[in-house]
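Notes to accompany the following structure.
The values are calculated or read from the model by the stated rules, or taken from the named source; none is laboratory data. Keep in mind it's a predicted model, so treat the numbers as computed, not measured. Please note: Cβ atoms are built from the backbone with ideal geometry, for glycine as well, and neighbour counts cover all protein chains shown. Each accessible area value is taken on the protein alone, full model and side chains, heavy atoms only, with ligands, DNA and RNA left out. Shrake-Rupley method; radii C 1.70, N 1.55, O 1.52, S 1.80 Å.
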Amino acid sequence: MPDQTRITQILTATGQLKPGEDPPDLETALSELYDELRAIAAGYLRRERADHTLQPTALVHEAYGRLVDQTQIPWSDAAHFRAIAARVMRQVLVDSARKHTATKRGAGRLRVTLSGLEQPGDGRQIDMIELDEAIEALKALHERKARVVELLFFGGMTHAEAAQLLDVSRKTVEADWYMARAWLGTRFEDENDDRRRSI
Amino acid sequence: MTDADRFDRLSELFEAARAVPQSKRAEFLTGACADDPVLREEVESLLEAHEKASPLDSDTPGVIAGRIAEELETDQVPMPTMLGRYRVVRQIGEGGMGAVYEATQQDPDRTVAIKVIKLGMDTRQVVARFEHERQALAIMDHPCIARVFDGGMSETGRPFFVMEHVQGQAMTRYADEHRLGTRARLALVTQVCYAIQHAHQKGVIHRDIKPSNVLVTELDGTPTPKVIDFGIAKATDAGFAPASLITLQGQAVGTPAHMAPEQAGAVTQDVDTRADVYSLGVLLYELLTGTTPFDQREIESKGLAEMLRVIREDDPERPSTRLSSMGDQATRVAAQRDSDEPTLRSQLAGDLDWIVMKCLEKDRENRYDSAAALADDIVRYLANEPVMARPPSAGYRFRKYVKRNRGQVVAGFLTLGLLLLAVVGTTSGMIWALSERERAEVAAIAEAQAKVKAYENAEQAKIDADIARELSDFFVMDVLSAVNPARTENRDLTVREALEQAADRIDGRFDGRPEVETNIQNALGFLFSRLGDPGQAEVHQRRLVELAEITDGPGSIEVARTMHGVVGTLAATGRHSEAIEMTLEQLAILEHHDGPEAEEWRIRGRGNLGALYTRAGKPDQAVPYLEASLEAKKTMLGETHPSTLAALNNLAAVYSALGRPERALELAGLAHQGRRELLGEGDPRTYVSLINLAGALVRLGRDSEAIERLTPALQSGTERLGSDHPTVVDLGNALASAFRSAGREGDAEQLYRSNLMVQNESDPERLQPRTLEAMRGLAQTLSADARHAEAEPFARAALEGARSAYPPGNVSIEDTLRVWVRTLLELGQLDDAERVLRDEHERNIAAYGADDVRSSKSERALSEFREARTEAESAQVEPIPVSP
């Protein structure tokens, strides 16, 4: 994760940190981001019907747009911001899934659709907590692949952007992504076998 | 092996296997995981998973985010009765951005449409932005633009916009329901373009052009488009594009497919009028094909990240291609356009494809620079005038060429070939075979043009035009459109890959139309050979021979003509005996034909045989062909023609190699004189003839004459061409050799060494044969000076170099081998010498078998050496007989 100077730079550049003021610690910055992401999600719902899914990546973009004046920030900072936001987004989502599971004791974890084209509950569903654990397992095997998943899936980055951020070739990112995608696919395959459908 | 290591191994195999075609995967896996069935199973299940849905394709996070939002915000929006001073009558629409109401205004008394934005958080900002734009919106006055009257904030704090109430249908729907033909659709779009242009001139960008924002109403029975929602996108856009994607997603059209790539950026670029040009292109695409450039369902299923990537990076299919790929649906689409599928497709192919694709360029610099420019081009199309859409690219120029010269297809292909080569850069090293082939191509152009002139009747012209179209489709669509230099840094690779891919698609595609395939194979053969890929070139050239047998019959002149290309490729790759065999076959066919064309090919074939025998190290067999070829050239082209002079020069070299220096001297003298007059003293070719001349003089023992002529030439050549020019290096080697022959070892050594120095500094690849010659010459010079130990490493290096540069048994290898063996003998290293000879023999056997002439030659050398050695050794050990 990018260091605290980045956060400071971003906050300073956006005027949220006045000159001479002590920079907030990373935790504070992240918790602000966390709150912001939740708030943005709420904002979206006012625009969207409940039957329309929200893309977390869009939330990340939105958060970035709000917190940062893009024209002032070099790409690398923007990328780092989005890398942080991607991680926070993942956190927000997993926390929510956990909370939901806790409140619905015995009812099992929330399963949601595999495709935006279907109504929730209509298609094959995956378990966010399980996915989170699977990504952690992937991280233990190959950290960069897990990071690629985070950047692309939660951060909305393109292959090219992720490649630049990770300082690897786009081909590498692509290979990482396909491997991660297939590997995670095999982990989820067994229990959902009967309801699998092509994309 | 740790889990991580195993995972890495798995990743590698998975990636490698993905690259292997499905049909060969099993075989690949068997090879790769032979010792590890578990690993194989894992790779297989990954490959299976690769084809299926993965949790990463899901929008689970989106659903959870939605639930989070739901938990935070649950209020519903009831229909308001009043919005500012407007009385709401009824709800007329509901989109992701908000509800649309019909409302009445009292002063002036009119019905308006009011769009209420469901933004919640940004209300103040939206209203402020709208206020900012209002000025501009107010001055827009165009019959095809719905007026925006007002904006405000509702009691519940939501921003709304008051617009002219337009009763109409979304443009695409109107066009389909009224079965408007392509031209009528285009006419409608031009109106929209001019309306957008009007707005742009007032400084307003729409940013959200799509069918549902372009309504069609009928004014006095005439369909009139009206663009609605001007300025709203800007006012509501939070300034960050992906946010507005969500807005779009929620709407009836529900697709970000109308959005320009720069609007889909991670960091928003400044969006200018050309974003609207892009969206107009999408609208046009939809009107023409019934689909958006990127399939809505398909990109939506990929999630936002992928969606953005597609918009920014992927090139959509051309409209005509899309129509071909949509299957049954195409029939319906065509019917809605009051047409049938083939007609519609041919209507789209070409100009309309280009117009649309120019709008959809990723880089806005490459789009039309204004909406008016797009409209103008559509009007040009409607008036059957040439459109401006086509970029000045190779493909475009080629296509234009084909259109202009419907019949001159072969010539057109060469143009394409040359253009392609201009893109990739020509291959260096114009060797004999290549220039011969080029001549053949020039002949092909002439031939094609002659054929074209013969096509007098209309039917033939039509067939020809069909061929032209298919060919240009194949090359422009399949090859050139795949060449996108921006995609890869290695442009050469891209062109080659594109060609290879295109070549893969030929199989069976042109069955029953050998004329078409002939032209394509011809071009492919030519291009691959120019790209330095003789292997691929040969495949296409051989197919060309087969096709000639089909079209013109076995034994036809055409068959002989096509063989020429194969011969050139075989010669270029050093497969001389195969080339000779084919040339003999070619000449046998030509024996059965009369007329000037057959005669011309006979001459060319004989010339080839001469050169091929020379290169194959059989100068004695080459001589009669070269003499015949020279005579023919003298008669047909004249004594002083460059080609005649080249034949003279080559023949001189052959006589020199055959040990006939008198004849060599005579011919080289003529060649040199002719070239000096024709090309001038300082032309490399003139120097080459001089080198041959000097070589003959040296062989005749006239060393001083050779030195006299070469010394000033070396000096002037160095001045004119530079010391590292190959011909200048040749001059240096020739002079050094003359010095050596004259017993001036000191001068020879100095010159060889300086030549070697030059070559070390410059490109070693280019000068290799010359480097080898200098090394060998230096070894000989040192040996002549009895400095054998010094000579030996140069001789050895020269042989090593020759072995890597030439095929086994080559004359240069033989010569160098001889020098080295002699040096070893002088040094008394008899075992080493024998080993070298044995090694050489083994190489020849491995390359050609025991029966080959080269193998028997090296065998003879080896056995002679052994005999001599045994004799010498037995002579030494035999006790001196004591006389009684």
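Observations, loosely collected:
- All positions within region A:138-169 that are β-branched (Val, Ile, Thr) and not in a helix (DSSP H, G or I): A:158, A:168
- Failed item in (1) out of contact with any Asp or Glu (no Cβ under 6 Å at 6 or more places or on another chain); (2) assigned to a helix (DSSP H, G or I), with residue B:574 passing the rest: (2)
- Total residues in region B:156-187, condition closer than 29 Å to residue B:103 by Cα and in a helix (DSSP H, G or I): 6
- Conditions (1) of a type outside the set (Ser, Thr, Tyr); (2) out of contact with any Gly (no Cβ under 7 Å at 6 or more places or on another chain); (3) closer than 21 Å to residue B:568 by Cβ; (4) open to solvent by less than 20 Å² (accessible area, probe 1.4 Å); number of the one not met by residue B:622: (2)
- Selection within region A:126-152: residues that are surrounded by 24 or more Cβ atoms within 10 Å (Cβ to Cβ) and touching a residue at least 60 places away in the same chain (Cβ under 8 Å). The member of this set that is nearest to the other protein chains (Cβ to nearest Cβ) is A:126.
- All positions within region B:193-224 that are farther than 18 Å from residue B:272 by Cβ and open to solvent by 30 Å² or more (accessible area, probe 1.4 Å): B:194, B:212, B:218, B:219, B:220, B:221, B:222, B:223
- If the condition is being assigned to a loop (DSSP other than H, G, I, E, B) and touching a residue at least 24 places away in the same chain (Cβ under 8 Å), then region B:583-602 contributes B:592, B:593.
- Whichever residue in region B:663-702 is surrounded by 18 or more Cβ atoms within 10 Å (Cβ to Cβ) and touching a Phe, Trp or Tyr at 6+ places or on another chain (Cβ under 7 Å) and, among such residues, is nearest to residue B:734 (Cα to Cα): B:664
- Residue count for region A:151-190 satisfying the condition of being modelled with pLDDT of 90 or more and among the hydroxyl-bearing types (Ser, Thr, Tyr): 3.
- Screening residue B:711 on (1) under 29 Å from residue B:758 (Cβ atoms); (2) surrounded by fewer than 23 Cβ atoms within 10 Å (Cβ to Cβ); (3) out of contact with any Gly (no Cβ under 7 Å at 6 or more places or on another chain); (4) touching a residue at least 40 places away in the same chain (Cβ under 8 Å) shows it passes everything except condition (4).
- Against the numbered list (1) within 30 Å of residue B:793 (Cβ to Cβ); (2) under 45 Å from the mean Cα position of the chain (by Cα); (3) modelled with pLDDT of 90 or more, residue B:703 comes up short only at (2).
- Residue identified as closer than 19 Å to residue B:737 by Cα and open to solvent by 70 Å² or more (accessible area, probe 1.4 Å) among B:660, B:615: B:660
- Residues of region B:1-57 satisfying the condition of being among the basic types (Lys, Arg) and either in contact (Cβ under 8 Å) with a residue 12 or more places away in the chain or in contact with a helix residue (DSSP H, G or I) (Cβ under 9 Å, 6 or more places away or on another chain) (or both): B:6, B:9, B:18, B:25, B:40, B:52
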